[in-house]
Each structure stands twice: as structure tokens, then as C-alpha cells.
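Report on the following structure.
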Amino acid sequence: MAIIFENTTFGIPINKDVSAALVAQKRVVSLSQPIDNKVTDFSAFVSKLKAAPPDAIVAVLRDHQLLPLFKQLSAAQLSHVGRVRMIRDGIAE
């Protein structure tokens with residue numbers, strides 16, 4: 001499991017809660033990456049994933065960040081991207 005989250009008062013507590021829930025389910029969180037909420041270049045994160053691909057990714061990001069992340073994951077040929085399940089909570093369309 002890998003978690004990428006915005007490094008804000010919104011993302012930090014969600015990361016903490018998600019990490020705790022995953023550990024309680026005996027899941028290993030191999031990468032927990034804070035990121036600025038304006039970033040759309042995820043190449044450093046994708047490189048880390050490519051080196052050690054996780055079973056799943058939890059992304060606690062802004063709406064405008066998700067599509068660039070998915071495109072960069074796809075370009076890196078990370079196989080699990082084709083089966084993305086998105087759970088969304090936001091107001092932006």
C-alpha cells in the first residue's frame with residue numbers, strides 16, 4: 001500500500017487515520033508521501049512506486065491533481081492503474 005496526501009491540515013489527519021486503519025487490517029504501508037496541494041508533477045512519487053510497486057494507492061489529493069497522477073502512473077506502466085477505484089468526496093466537478 002502507498003499513500004500520497006496533500007501536506008495540509010486536511011490531508012495530514014486523513015493520512016494518519018487511513019494509515020492506522022490499514023495497519024489495523026494487517027496491511028503494510030510501504031510509502032506515505034506528503035505533497036504540496038498545487039503539485040501536478042508526480043514523477044518523484046511515480047519513480048518510487050515503479051521501484052517497489054504497491055498493491056494499491058490511496059490518494060488524498062485535490063481534484064485537479066488526480067488526472068495528472070493517473071496519467072503519470074499509466075505512462076510508467078504500473079499495472080494496477082487499470083483497475084482504479086475512486087472514492088470521491090469533494091465539490092469540484
Output the residues belonging to region 1-32 that are surrounded by fewer than 17 Cβ atoms within 10 Å (Cβ to Cβ) and touching a Lys or Arg at 6+ places or on another chain (Cβ under 8 Å).
31
Residues (closer than 15 Å to residue 5 by Cβ, of a type outside the set (Gly, Ala, Ser) and out of contact with any strand residue (DSSP E or B) (no Cβ under 9 Å at 6 or more places or on another chain)) located in region 17-36
17
Could you please find all residues in region 2-46 being acidic (Asp, Glu) and not in a helix (DSSP H, G or I)?
6, 36, 41
Being farther than 24 Å from residue 17 by Cβ and in a helix (DSSP H, G or I) is the filter here; which residues of region 47-77 pass it?
47, 50, 51, 67, 68, 71, 72, 74, 75
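The numbers here are math on the coordinates, done by the rules we state, and not lab data. For clarity, every value in this text was computed on a predicted model and none was experimentally measured. Note that we place each Cβ from the backbone using ideal geometry, even for glycine, and neighbour counts take in every protein chain shown.
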